[in-house]
Amino acid sequence: MSPSHYTRIVLASRPADSAFIEADNFRKEVVPFDLKPQKGQVLIRVQYLSIDPAMRLWLSEKKSYRTPVPIGGVMQAIGIGAVVASGEDTSLVPGDLVSGIFGMTEYAIQDATAVQKLELPPNTQALDYIGPLGHIGLTAYFGLIDIAQIKAGETLVVSGAAGATGSIVCQLGKERGAKVIGISGSTKKCEWLEQELGIDKALNYKSPTFKDDFSKAVGTLDVFYDNVGGEALDLALASMNLHARIIICGGISQYNTAEQYPLRNYFQLLSKRATMRGFSLYDYTARLEEGRKYLTELVTKGAIKQRYHVVNGLDTAPGAIGILFRGENEGKLVVKVSD
Ligand SMILES: NC(=O)c1ccc[n+]([C@@H]2O[C@H](COP(=O)([O-])OP(=O)(O)OC[C@H]3O[C@@H](n4cnc5c(N)ncnc54)[C@H](OP(=O)(O)O)[C@@H]3O)[C@@H](O)[C@H]2O)c1
């Protein structure tokens, strides 16, 4: 039976470019349940929402790869959920698990063509579709395997290494036979990277000896997979081997600043005949199945692990975004909305 009302989270105010996202940038709305799927549509009960650093960019009016969320609009979020009703002309039926961009809401109406029906191969769970089998794993795969073309014996350095994307990149790098050095923001995360994921060395960028630690551990590098930007990126530019590849996946250290960190070592790109390339997973829409097949094989045989940091309840979603920017998440950050 349908509820009489449902809850959704809308954008109340836009944070300034130099400000963190605060919970009070959002407003909770409890609205009458008037959702009925039309022809080709499905009604979805949201179970989990992915909380992503890119949400910061989706709120900014600065030119970006995406139209900003409007004031009063439901906050965008990738999610997984169950179909509870379907209109005519869809093959989806109640009970089917699906993923898509549902937004911060308990229920969402979606075009059936805009959602993906989830298969659950052995050793996987639905949550993995916002982890290693979803946008997180696919971003790691296309950045490291397709763009960087990582090879056995090369030195791979990963920033944001203990996070959702970074931890998958580290494991893909090990799987390809690279020497993997990860950078993260705490001793605990560094221990997890070395002891649980088996990377060769983890460095804490908050340590006063970080720069020295970096040059001792890294020496020179072939691939830098960057999730963070700023100082670590500049250090990597100064440490490149001939034909190094710098992969700009993200730059979380720069998302809340009006002025970008100045890169002093970019000219090394010329002398090292190196490349620095940014990419968005949106560039790979036509090839997602290829990436998912590769990742599914590794996840089903236990060669890739993702840990999840789960916070409970849709009400917690606005405040959860700040967890990423304070580095408090241990693994992929998700909000559990319903069972
Ligand atoms: N290009 C694409 O298509 C694409 C797709 C998905 C994600 N991304 C990008 O990938 C990156 C990682 O995203 P994710 O979802 O996997 O998040 P995540 O790594 O799970 O979480 C963010 C982590 O960033 C670190 N961090 C936060 N502020 C920092 C700062 N000022 N300096 C250094 N580190 C900081 C924190 O870890 P510490 O404890 O180590 O500080 C935090 O745990 C982001 O930049 C995101 O925008 C890009």
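The values are calculated or read from the model by the stated rules, or taken from the named source; none is laboratory data. None of the values given here were measured: they were computed from a predicted structure. Here the Cβ is made from the backbone with ideal geometry for all residues, glycine too, and neighbour counts use every protein chain on show. These accessible areas exclude ligands, DNA and RNA; they are computed on the full protein's heavy atoms, side chains included. Shrake-Rupley method; radii C 1.70, N 1.55, O 1.52, S 1.80 Å.
Okay, here's what the table says:
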| read-out | value |
| --- | --- |
| All strands (runs of 3 or more DSSP E) inside the stretch 222-339 with 1 or more residues being exposed (fewer than 14 other Cβ atoms within 10 Å of the Cβ) and not small (Gly, Ala, Ser) | 240-248, 275-278, 308-312 |
| Which listed residue, of 267, 325, is in contact (Cβ under 8 Å) with a residue 40 or more places away in the chain and either outside the structural domain of residue 118 (by TED's automatic domain parsing) or not small (Gly, Ala, Ser) (or both) | 325 |
| Qualifying residues in the stretch 205-221 (those that are within 29 Å of residue 281 (Cβ to Cβ) and among the hydrophobic types (A, V, I, L, M, F, W, C)) - the one surrounded by the fewest Cβ atoms within 10 Å (Cβ to Cβ) | 218 |
| Any hit, the stretch 167-179, residues being part of a strand (DSSP E or B), touching a Phe, Trp or Tyr at 6+ places or on another chain (Cβ under 6 Å) and within 10 Å of the ligand (Cβ to nearest atom) | no |
| Test: residue in the stretch 9-21 that is open to solvent by 60 Å² or more (accessible area, probe 1.4 Å), closer than 26 Å to residue 127 by Cα and not hydroxyl-bearing (Ser, Thr, Tyr) | no |
| First in the stretch 151-175 and more than 18 Å from residue 334 (Cα to Cα), second anywhere and among the aromatic types (Phe, Trp, Tyr) and part of a strand (DSSP E or B), Cβ under 7 Å, 6 or more apart | 156/225; 157/224; 158/225; 169/225 |
| Members of the stretch 161-188 found to be within 22 Å of residue 251 (Cα to Cα) and open to solvent by 30 Å² or more (accessible area, probe 1.4 Å), listed by number | 186, 187 |
| Test: residue in the stretch 199-212 that is within 8 Å of the ligand (Cβ to nearest atom), modelled with pLDDT of 95 or more and over 17 Å from residue 308 (Cα atoms) | yes |
| Single unsatisfied condition, residue 317 versus (1) at pLDDT 95 or above; (2) in the same structural domain as residue 165 (by TED's automatic domain parsing); (3) within 16 Å of the ligand (Cβ to nearest atom) | (2) |
| Enumerated strands (runs of 3 or more DSSP E) restricted to the stretch 1-71, each holding at least 3 residues that are in contact with a His (Cβ under 8 Å, 6 or more places away or on another chain) | 26-32 |
| Close pairs (7 angstrom Cβ cut-off, 6 or more residues apart or separate chains): more than 20 Å from residue 224 (Cα to Cα) in the stretch 274-290, within 11 Å of the ligand (Cβ to nearest atom) and open to solvent by 50 Å² or more (accessible area, probe 1.4 Å) anywhere | 282/65 |
| Output for the stretch 41-64, where each listed residue is more than 25 Å from residue 128 (Cα to Cα) and open to solvent by 20 Å² or more (accessible area, probe 1.4 Å) | 61, 62, 63, 64 |
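Here is a yes/no grid of residues against (1) farther than 23 Å from residue 164 by Cβ; (2) open to solvent by 10 Å² or more (accessible area, probe 1.4 Å); (3) not assigned by TED's automatic domain parsing to the domain that holds residue 318:
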| position | (1), (2), (3) |
| --- | --- |
| 26 | no, yes, no |
| 34 | yes, yes, no |
| 39 | yes, yes, no |
| 66 | no, yes, no |
| 75 | no, no, no |
| 81 | no, no, no |
| 99 | no, yes, no |
| 107 | yes, yes, no |
